[in-house]
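Undergrad: Quick one: the structure is below, questions incoming.
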Amino acid sequence: MITDKDVKYIASLARIHLSDEESALFTKNLEGILHYVGKLEKLDVSKVEPTSHVLPLKNVYREDVVKPSLPQQAALKIAVEKHNGAFKVPKVIE
Amino acid sequence: MSQTTTEKKYETVIGLEVHLQLNTATKIFCGCANVFGRDPNSQTCPVCLGLPGTLPVLNKKALEHAIKVALALNCKVNPYIKFDRKNYFYPDIPKGYQISQFDLPIASDGYLMIPLADGAFKRIGIKRAHLEEDAGKLIHDAHATGSLVDYNRTGTPLIEIVTDPDLRSAQEAFDYLHILKLTLQYLNVSDCDMEKGSLRCDANISIREMGAPNLGTKAEVKNMNSFRAVKLALEFEENRHRTIVESGERIIQETRLWNEEKAMTFAMRSKEEAHDYRYFPEPDLVPFTVDQSVIDHVRQSLPELPQQKLKRLTDQYKISEYDAAVIIQDPDIANFFEECTKHYAETKKICNWINGALFQELNARKMTIKDLKITPQDLTTLIKKVEEGVLNNLTGKDTLKFMIDSGKSTEEIIQEKGLAQESDDSVLEKIVDEIIAANDKVVAQVKEGKDSAIGFLVGQAMRKCQGKGNPKKFGEIIRRRI
Ligand SMILES: [Zn+2]
């Protein structure tokens, strides 16, 4: 059972602001999705290997060889604000 | 209640989490160089900046290093591993998640033995070790209007090593860290430099009544920049917990930061966002299998580890455990020692020179043995000259100094500086006669049988010949002449 409180909590973790109408809408939607996925619980999966990926691939590696990085100015192009070669963000204090 | 009864009544429980940066050439999921100290944001690419549409690919070397660490810590290397996303928002992670490992880490169920004061060993369980990517570096400037972020560190390969709650004191935590660091240094998978942040340690600490089955409420302690700081912070926390419990209050589960200047921990100011990381499998990285053949191959490539080396050195060279323990603190020193033994059989004397004069000279110059121009054979030649009486202890140490500075051989230095011990008896006797003539009172004391007076005369004689005499020989001559 998904409640309005759950949705608001998840939204806050995801840094998404929801209006009360949106929160109510997503509560209903999420409830439907969970109900649908819940059908799986009725299946006997005791003989199915747990899987985290659908691709028939494994062990894709990269050799430890240096490739050129972006120049500093190119990296900083996406910065909203910058200062002395660094990305500048709203103050975080610990 | 007095401290001693409190100590008996309560038991401290500590678990440590160590983050170690691996010294691969490149980052864990992209080809950016894994280097320290470059201009901010000069070592990034679309992958480690977390730009949309980019795909991470695992660095094979990082996995090999992790297997090395796993085996050295007596862990089970898991045959099937995967990566997961740990989701949280902080400006030092550009993607909004950190790629880490959740339920299928590379290593689990290991242990490390730590020495106790009484000479016995204690087994500290390693719960797990997993691979993950490091975050960027936040630069807090007290006067600035914002915080600055350098993403060079983002994507640096990390292995996080988590102990079981097996440590029972700040001292044990300190000893564990010491052995762990030494082991990791032997593996050559990291420079283990806490000042540079390549090795970082967080601690969980709680207390409980002696014999209680459940763990007490814990505090997580962060921001300790040295092993000494870890020890001090844990001692502080231990006392804080005891005081709270003794006064009948409850301990709050929280994250606390060590303040080096004030020598205290403080609750973190920022709001604790319940550790709800909503882990889920990283869809951009396929799983990995680690075959037994790979594990065997890595196992064969493992170097001799510190505790094995300690045992072998004491057995093979009949040196004391203390001497061996000093020597193994640096594998290069241990190699240097072993090379020395090939040229000179007196292993105890070699130890004394390495652990004494050589260490002193290295420390004074802030050098490591690798920076040294002199070879093991140079050192043993010097030791032999002292044993043969060509040099005494003092001039021997001076010779070592000159050798280190110039890279010249013992013989060259002796020649050049005229440091050879005076061995011509007639010269020594002449010095002794002068000393006897100038110290009537002391000579009278010697005649009365006061042995310490001889020491004074020997000292005078040594000074007269500028340290180039043999004190033992002077003693003999003085006895003869009086
Ligand atoms: Zn990169």
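The values are calculated or read from the model by the stated rules, or taken from the named source; none is laboratory data. As the structure is a computational prediction, the values presented were derived from the model and not from experiment. Here the Cβ positions follow ideal geometry from the backbone for every residue, glycine too, while neighbour counts run over all protein chains shown. Remember, those area values only see protein heavy atoms, side chains included, never the ligands or the DNA or RNA. Shrake-Rupley method; radii C 1.70, N 1.55, O 1.52, S 1.80 Å.
Undergrad: Considering every residue in B:30-43, what mean count of other chain Cβ atoms within 10 Å of its Cβ is obtained?
TA: 5
Undergrad: Mind checking how much accessible area B and A bury in total, 1.4 Å probe, in Å² rounded to 100?
TA: 4000
Undergrad: Could I ask something else about it? Return the carbon/sulfur percentage of the accessible area of segment B:117-259, one whole number, probe 1.4 Å, all protein chains in place.
TA: Answer for segment B:117-259: carbon and sulfur cover 48 percent of the accessible area.
Undergrad: Semi-axes, largest first, in whole Å: what does sqrt of 5 times each Cα gyration tensor eigenvalue give for chain B?
TA: Values for chain B, descending: 56, 29, 22 Å.
Undergrad: Could you work out the Rg to Rh ratio of the protein assembly as shown, with Rh taken as the Kirkwood radius (inverse of the mean 1/r over all Cα pairs)?
TA: 1.10
Undergrad: Helix B:452-464: angle to the longest alpha-carbon principal axis of chain B, degrees 0 to 90, nearest 10?
TA: Taking the Cα atoms of chain B, the angle to B:452-464 is about 90 degrees.
Undergrad: Among the listed pairs B:385/B:464; A:5/A:42; A:77/B:60, give every one whose C-alpha distance is greater than 25 Å.
TA: Violating the 25 Å Cα-Cα cut-off are A:5/A:42; A:77/B:60.
Undergrad: Between 0 and 90 degrees, rounded to the nearest ten: what's the tilt of helix B:393-406 against the longest Cα principal axis of chain B?
TA: Around 50 degrees separate the two axes.
Undergrad: In nm, to one decimal, how far is the modelled label at residue A:11 from the one at residue B:168, with both set 7 Å along Cα→Cβ?
TA: About 5.2 nm separates the two model spin labels.
Undergrad: What is the percent carbon and sulfur in the accessible area of segment B:409-482, measuring with a 1.4 Å probe over the protein chains and ignoring ligands?
TA: Answer for segment B:409-482 is 47 percent, counting heavy atoms of protein chains only.
Undergrad: Under 19 Å from a label point 7 Å along Cα→Cβ of residue B:239: give me every residue in segment B:10-28 with its amide N that close.
TA: Taking a point 7 Å out along Cα→Cβ of residue B:239, the residues of segment B:10-28 whose backbone N falls under 19 Å are B:10-14.
Undergrad: Using all Cα-Cα distances in segment B:425-481, what percent lands in each 5 angstrom bin from 0 up to the longest?
TA: The percentages, shortest bin first, are 4, 22, 38, 24, 10, 2.
Undergrad: Something else now. With the other protein chains left in place, how much accessible area per residue, in square angstrom, belongs to the protein assembly as shown at a 1.4 angstrom probe?
TA: Heavy-atom accessible area per residue stands at 53 Å².
Undergrad: Expressed as a rounded percentage, what relative contact order does segment B:3-297 have, with Cα pairs under 8 Å and six or more residues apart?
TA: Averaging sequence separation for qualifying contacts and normalising by length gives 24 percent for segment B:3-297.
Undergrad: Quick one: length gained pulling residue B:80 to residue B:23 fully straight, 0.36 nm per residue minus the C-alpha distance?
TA: 18.1 nm
Undergrad: Find, among the trypsin sites (Lys or Arg not before Pro) in segment B:288-353, those assigned to loop by DSSP (not H, G, I, E, B) with at most 16 other beta-carbon atoms within 10 angstrom.
TA: Sparse-neighbourhood loop trypsin sites (Lys or Arg not before Pro): B:318, B:342.
Undergrad: Next up: With the contact rule set at Cα under 8 Å and sequence spacing of 6 or more, what percent relative contact order holds for segment B:425-481?
TA: 39
Undergrad: Between residue A:80 and residue B:54, what FRET efficiency follows from the Cβ-Cβ distance if R0 is 25 Å, with the result rounded to 0.05?
TA: 0.80
Undergrad: Residue B:144 to residue B:405: extension gain in nm, 0.36 nm per residue of separation minus the Cα-Cα distance?
TA: Length gained, residue B:144 through residue B:405: 89.2 nm.
Undergrad: Computed over the Cα atoms of chain A, what is the convex hull's projected area averaged over all directions, in nm²?
TA: Orientation-averaged projected area of the Cα hull: 12.8 nm².
Undergrad: At most 15 other Cβ atoms within 10 Å and a DSSP loop assignment: could you name the GluC sites (Glu not before Pro) in segment B:267-336 that fit?
TA: Listed in order of number, the matching sites are B:272, B:273, B:304.
Undergrad: Below 25 Å, Cα to Cα, which lysines can residue B:9 reach? Residues fewer than 8 away in the same chain don't count.
TA: List returned: B:122, B:218, B:231.
Undergrad: Using Cα atoms only, what is the angle between the long axis of helix A:4-13 and the major principal axis of chain A, expressed in degrees (0 to 90) to the nearest 10?
TA: 20
Undergrad: Of the trypsin sites (Lys or Arg not before Pro) in segment B:6-57, which ones lie in a loop per DSSP and count no more than 13 other C-beta atoms within 10 Å?
TA: B:38
Undergrad: Using the basic label-point model (7 angstrom from Cα toward the beta carbon), what is the residue B:325 to residue A:1 distance in nanometres?
TA: 6.2
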